[in-house]
Structure formats: structure tokens, C-alpha cells
Amino acid sequence: MEVFFLCSLSPLLLITFFIIICVSLATIFNRNNKLYKSNNSNNNLPPGKMGLPYIGESLEFLNSGRKGFPEKFIYDRMAKYSSQVFKTAILGEPTVVVCGAIANKFLFSNENKLVQAWWPDSVNKIFPSSTQTSSKEEAKKMRKLLPNFLKPEALMRYVGMMDSIAQKHFESGWEGKQQVTVFALAKRFTFSVACKVFLSIEDSQHVAKLAVPFDALASGIISVPIDLPGTPFNRAIKASKFIRKELIAIIKQRKTELAAAAASSTTPAHHHHQDILSHMLLATDENGQHMSELDVADKILGLLIGGHDTASAAITFIVKYLAELPHIYKQVLNEQMEIAKRKGEGEKLLNWEDIQKMKYSWNVACEVMRLAPPLQGSFREALNDFVFSGFTIPKGWKLYWSVNSTHRNPECFVEPEKFDPTRFQGRGPAPYTYVPFGGGPRMCPGKEYARLEILVFIHNIVRRFSWLQILPHEKIIVDPLPMPAHGLPVRLFPR
Ligand code: HEM
């Protein structure tokens, strides 16, 4: 189909595309060349290789993940240069990779002072977001509002809602089946929860209508940014336009409903005022300003994307580790049965207090995210020349911090390859060593939300089933999120 589409394009169009690609490559190359050159005089750069022009070491970087060992790229170079800081070029950018807890602390505490968040070009093109339509200051203000919608006090009321979605999800997707593919179901679960909590959308057909473009969007975000018909990047841009249009329509309708409810003193018939969309529409900043429709759409889109593959990857790997480690499964089951037993007569849904009791289960989830972190790290950009660890980091260069540089480091975690949830008991890991959600001002705003949906999922799965992996040696691919190559098929044993 895609090949057909390409062939049917007129030669003129093809030539035009070709020229566009050449020009954009040349622009990137030129800009980076300036970046590289401006620093030739600077001989205090970290050790490391910049690889081929433009491509740099991107292929090595991406391939180590696709082979299932994303940490290899980093550990190989740390060993080779005997340094926790090294330079490279990835995704078209001169980059300094900084490893270890000290580096994490440095980056996270210098946000907007020495560094700022940076995303690859592909991400910016798929989200022509408020960062571009409104001023930087405004975007920063909006980012500050985000945690308000997702802090524990705000999320408490959603626990029952999540549990009700989980119960329906297990009834329709798992019960009565001998065998299921976990990754696809985990994605369906987290997406259903998001549709309900953010937008009050529960109708399964409506959820499915949004889920399809969402998958396209998620798989195109970190792709080669070539915008030609049929490329994943192109599909992602189209999907993002479609979803934004849907969201704007939902937002407009909601505004009318909220206005009507405010005008009449009656409470609205729906429970819409409970979801995150209504909270965003009603929220005001310090000057009493409401967020614009476009801003709200972008924020919701950002949340849907941020939570789409990350939480479902975490859930998938929890299921995988519990299959491999029956003694851990048993302790999780004991904890969850105890919680179920203590619930009052007629109390059908989990609540906030129940979640607080799931300490062991959360330690297990944390240990899973230590060994199989959903995100491998993220980028920052140097705002000025500065010195870190004795090396000069030039203005405009990118910095990459990696979750694995501490999660798999024996100095941070004794016997790092060993699965041991008790690491999280007592005082837990040293500061800045356990960072699956990042840290500092840009730390994942969805952390608490993710904790809730993960624990609700664990509660529902262990109470219904035990399970075995159908492919015990299924390969793991990290591209860019970790995922079992065949989606983790398991055999179910109802309890
Ligand atoms: C287990 C699940 C999750 C993990 C491991 C995870 C991890 C992360 C990490 C590492 C970052 C980047 C932090 C940085 O650059 O320093 C991030 C950013 C973000 N996450 Fe999550 N996340 C998860 C779930 C979620 C969920 C459920 C949501 C939404 C409800 C979400 C929304 C976001 C958003 C919007 C950002 C961007 C924040 C910004 O640019 O300032 N995440 N996440």
C-alpha cells in the first residue's frame, strides 16, 4: 500500500520531496557543523567519538537497544574512556552523556539555570505545541500547573474509577481465556483508564476510535523525521492532527456544558466535572487567566502520550517477572488477598487507603522499573558554556542522562542483576540513584497516576490468575521503550 502510494506520486513531486530532504539534512548538518567547529578550539571537551557526520553514533545508540541491551552503549564507553562523562553525537546532535548519581543530581538541580529540557526534532514536529504557539514564559507557567492536576490529593478520588475500569477490562479481555498477549492488553488497560480519568470517555467504541491513531502517534514519535507519505513519522503527524481535532471538539462541548451547569444551580447530569479535563478548563493561573483551548488540548495530548506506552511497559514487565519468580508472586498475592479480605461488606472498589497498604507490591513494581525502566533517559540542552566534572560543555550541545547508568551500577545497587524488592524497604536507594521518573522540576508529572494504575492492575490480576510465560526466552527489544518481542504471550490459570 505504501509502496504503491510512493510509486503513484508524480516524478516532480518526488523530486520536490528529495530536494526538501536534502535541504533539511543540509540545514541540520550545517548548524551542527557550526556547533562542532565552534568547539574545535576547545580542547577540554570530554573524551569520546563524534562518529560519522550527521549520523554520529546514532546507529550504535539505537542498535544496542534494539538488541535488548540499551545499557551497553553507555557502559562500553564509560569503560573505554574510563570516564563517567563522554561525548558522542546522536540523533543529529553533538551530545555529552553524563552518567552516575552525581551527574543526575547536577542536571536535575540545574534545570533552567545551566540546562533546559530538549526533545529530538521529530517530537517537536509531531507536537506543534504551545511551546511554539505561545511564549516560552507561558509554556513554563503551564508546565507548573500540570502537577496540580496529578498530585496525590487530586488523584485520590480516581482510585475507585480505575478499579472499576480494571474489573471490566479483566472481564472482557482475560476471563475465560487460556492464553493472552500481555502487552496489547496492558496498553488497552492504560488507555481505557486515561480516557476515563482525563476525558470521562468510557464507551468502548469511542475508546477504540481514539486508540488506533494513538498507536500510530506513539510509534512515530521517536522515528526518523522524514515526512513522506507512508513513513511512521508522517503517520504520526496525521494521527496527532486527528486527535487534536477530536480533543478540541470534546473541549468545546465540555465548555458549553460547564457554562450551562454554572448558569443553572443544578449539578450537571454527568460526572464530567470530576475528570481532569474539567479541572483544566476551570483552573486559572496567578493572573486569573484560563488556559486556552489549544493549550488544554496539548496538555491532555501530552498526558495521554506520556502515559501510553510507559505505564503499559511497566505493567508488561511486572507480569513477566511475576511469571519468572513464583516466590515473589506469592508474597504479592498474600498482600493483595489481605487487602481484599479486610474490605467491608459491599465495598466493591479499591480506595486510597487500600493503595497505601500495597507496600510490597509497589516495591516489586519499583524493582521491575529498575531492571526494565520504561524510559531509558532523556535529553537536556546546555544554555551556556559550563564546566561539569572538569570538562567543558559547550552552549547548544545536548546532554543525555541515562536511567541505566545508575540502575545497573554495582556502586548504586549491590548485585545489580539480582531481582530484590527489599532494596526499596527502609531508607531505600541513595538519592539520585533510582530515577525511572527522572528528577528535579521536569520529573515525570504522571508518577503518582502511574503508581495508582499499576497497583490497581496488580490487585486485579493476582486475585484472578497465576500465569506462565509461553515463550520462556522471549527476546526483549528496546525501541525506544522496552517490549517483549512477541508481546509476552502467557498461559492463564484461574485461581
Ligand atoms: C511507569 C510509567 C512512567 C514512567 C517510567 C515515566 C517516566 C518519565 C520520565 C523519565 C520523564 C522525563 C523526565 C525528564 O526528562 O527528566 C517523563 C516525562 C513525562 N511524563 Fe512520564 N512516566 C511514566 C508515566 C507517565 C504517565 C502515566 C503520564 C501521564 C499521566 C506521564 C506524563 C509525562 C509527561 C507529560 C512528561 C513530560 C514532562 C515535561 O516535559 O516536563 N508519564 N516521564
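Every number in this text was worked out from the coordinates using simple rules, so none of it is lab data. Computed from a prediction, not measured in an experiment: that's the story for all the values here. Every residue, glycine among them, receives a Cβ derived from its backbone with ideal geometry; neighbour counts consider all protein chains shown.
Between their Cα atoms, which of LYS105/LYS330; LYS67/LYS330; LYS343/LYS418; LYS113/LYS151; LYS177/LYS241 are more than 27 Å away from each other?
Pairs exceeding the cut-off: LYS105/LYS330; LYS67/LYS330; LYS343/LYS418; LYS177/LYS241.
Give, as ranges by residue number, the residues of the range 175-211 whose backbone N falls under 19 Å from the point 7 Å along Cα→Cβ of ILE470.
What the label zone holds, given the 19 Å backbone N cut-off, is 175-189.
In the range 357-446, which GluC sites (Glu not before Pro) are in a loop and have at most 15 other Cβ atoms within 10 Å, using DSSP for the loop call?
GLU411, GLU417
Taking the simple approach of a point 7 Å from Cα along Cα-to-Cβ for both MET443 and GLN289, what is their distance in nm?
Each label point lies 7 Å from its Cα, and together they span 2.8 nm.
Per Stokes-Einstein, at 25 °C and 0.890 mPa s, what whole-number D in µm² s⁻¹ belongs to the range 205-309, with the Kirkwood radius over Cα pairs as the hydrodynamic radius?
Here the translational diffusion coefficient equals 160 µm²/s.
Calculated FRET efficiency, LYS359 and ALA430, Cβ-Cβ r, R0 25 Å, to nearest 0.05?
0.80
If you take every residue apart from GLN84 with its C-beta less than 13 Å away from the C-beta of GLN84, what net charge results, scoring Lys and Arg +1 and Asp and Glu -1?
Here the count lands on +3.
So what is the orientation-averaged projected area of the chain, using the convex hull of its C-alpha atoms, in nm²?
26.3 nm²
Among HIS473, HIS459, HIS169, which comes first, second and so on when ranked by fewest other beta-carbon atoms within 10 Å?
HIS473, HIS169, HIS459
LYS343 to GLU411: extension gain in nm, 0.36 nm per residue of separation minus the Cα-Cα distance?
So the chain would gain 20.2 nm between LYS343 and GLU411.
With a sphere of radius 11 Å drawn around the Cβ of LEU471, what net charge do the other residues whose Cβ falls strictly inside it have (Lys, Arg +1; Asp, Glu -1)?
Taking every other residue near LEU471 into account, the sum is +2.
Tell me the net charge near LEU281. Cut-off is 14 Å between Cβ atoms, LEU281 excluded, with +1 for each Lys or Arg and -1 for each Asp or Glu.
Around LEU281, the charge tally is -2.
Could you work out how much longer the chain between SER172 and PHE493 gets when fully extended? Use 0.36 nm per residue separation minus the Cα distance between them, nm to one decimal.
Contour length minus Cα-Cα distance gives 113.9 nm.
For the chain, which span is the longest to avoid every loop-located (per DSSP) member of chymotrypsin sites (Phe, Trp or Tyr not before Pro) having at most 16 other Cβ atoms inside 10 Å?
55-418
Are there DSSP H segments in the chain that both extend 27 Å or more along their axis (alpha-carbon positions) and score a mean Kyte-Doolittle hydropathy of at least 1.0? List them, or say none.
Membrane-span-like by this rule: 11-37.
Using 0.36 nm times the number of residues separating GLU202 and ASP385, minus their current alpha carbon distance, what extension gain do you get?
Difference between extended and current length: 60.9 nm.
Roughly how big is the chain's charge dipole about its Cα centre, with Cβ charges of +1 (Lys, Arg) and -1 (Asp, Glu), in debye to the nearest 20?
So the dipole magnitude of the chain works out to roughly 440 debye.
Taking amide H atoms as placed 1.01 Å from N in the peptide plane, list the residues 5 or more away in sequence, or in a different chain, whose amide H sits under 5 Å from that of ILE477.
For ILE477, whose amide H was placed from the backbone, the distant partners under 5 Å are MET483, ALA485.
If I take every Cα pair under 8 Å that is 6 or more residues apart in the chain, average their sequence separation and divide by the length, what percent do I get for the relative contact order?
24 percent
Restricting to DSSP H runs of at least four residues, report the calculated mean residue ellipticity at 222 nm for the chain, -39500 (n - 2.57) per run over all residues, nearest 500 deg cm²/dmol.
Using -39500 (n - 2.57) per qualifying helix, the result is -17500 deg cm²/dmol.
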